[in-house]
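Please treat every number below as a calculation from the coordinates, not as lab data. Computed from a predicted structure; not experimentally measured. No Cβ is skipped: glycine too gets one built from the backbone with ideal geometry, and neighbour counts run over all protein chains shown.
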Amino acid sequence: MILTKAQYEEIAQCLVSVPPTRQSLRKLKQRFPSQSQATLLSIFSQEYQKHIKRTHAKHHTSEAIETYYQRYLSGVVKDGAAPVLLELANEMDYAPSLMARIILERFLQEHEETPPSKSVINSMLRDPSQIPDGVLANQVYQCIVNDCCYGPLVDCIKHAIGHEHEVLLRDLLLEKNLSFLDEDQLRAKGYDKTPDFILQVPVAVEGHIIHWIESKASFGDECSHHAYLHDQFWSYWNRNSRLLGAKIAPQKEERSVSFLLAIVDFLCPSLWEPRSYNYYS
């Protein structure tokens, strides 16, 4: 079903005081039963990531890091099997995976001769068995598997979902007998930034000409629309490629674009829900 802006704002407001846990997601589903689990999870994740970006700096001061580390040490001394790091992250309203990264970096700084590189940290977070301390490895593992919004496990899930949607979209284009070039074919032609598919023969959807399609397996709020426009869509336009259903009108000191977002329901491919957005850059 299509989510109205009022419904989205109601869900977003509800998330202000909700911690990022699976229990919270279940409560959210109970409050908004008409919305799918995937929609609620995507909104949940995006709103929480906004919160983390706003509060990120305060968790990375030297004082905060030392306080967290000492609390971790005292906690595991009392009970090494208890979810000390996970509970600390929830208490501080910080993503468990990010809290695990802070403590892991601080631990390695204390026990290694040289500061740990980013690649070493990432490798240990992906595979906690590489962490030289068994108690810390277990604590990090608990944070990773219980984090709904951050961490290597979430990144893997997001990548898999994104790939799945691209495959579904490709199958839908083939089913409709549309001629297209995919990302790999476009990169082979020398393009650095590419949409998922460029239609070799444009098609019309409710009077709008569609030249290319970008698949995003996440909820599209206003913030993400503006981010995608800045990071991706303008570069497609600069290559003389049109935006979705483009009505492009360059101004003296700004660019204006009205483009069409075609929302495809993969469970019912015949349903296309076009929406027009006006943006200025």
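Estimated at 0.36 nm per residue, the fully extended path between residue 184 and residue 53 surpasses their Cα-Cα distance by 43.9 nm.
How big, in percent, is the set of alpha carbon pairs in region 115-209 lying more than 23 Å apart? Mind showing how you got there, number by number?
On the way: 2299 of 4465 pairs.
Pairs farther apart than 23 Å: 51 percent.
With a simple spin-label model that places each label point 7 Å from the Cα along the Cα-to-Cβ direction, the separation between residue 66 and residue 120 comes to 2.3 nm.
Can you work out D for region 1-124 in µm² s⁻¹ from Stokes-Einstein, where Rh is the Kirkwood radius over C-alpha pairs, the temperature is 25 °C and the viscosity is 0.890 mPa s?
Details: Rh = 16.6 Å.
Approximately 148 µm²/s, per Stokes-Einstein.
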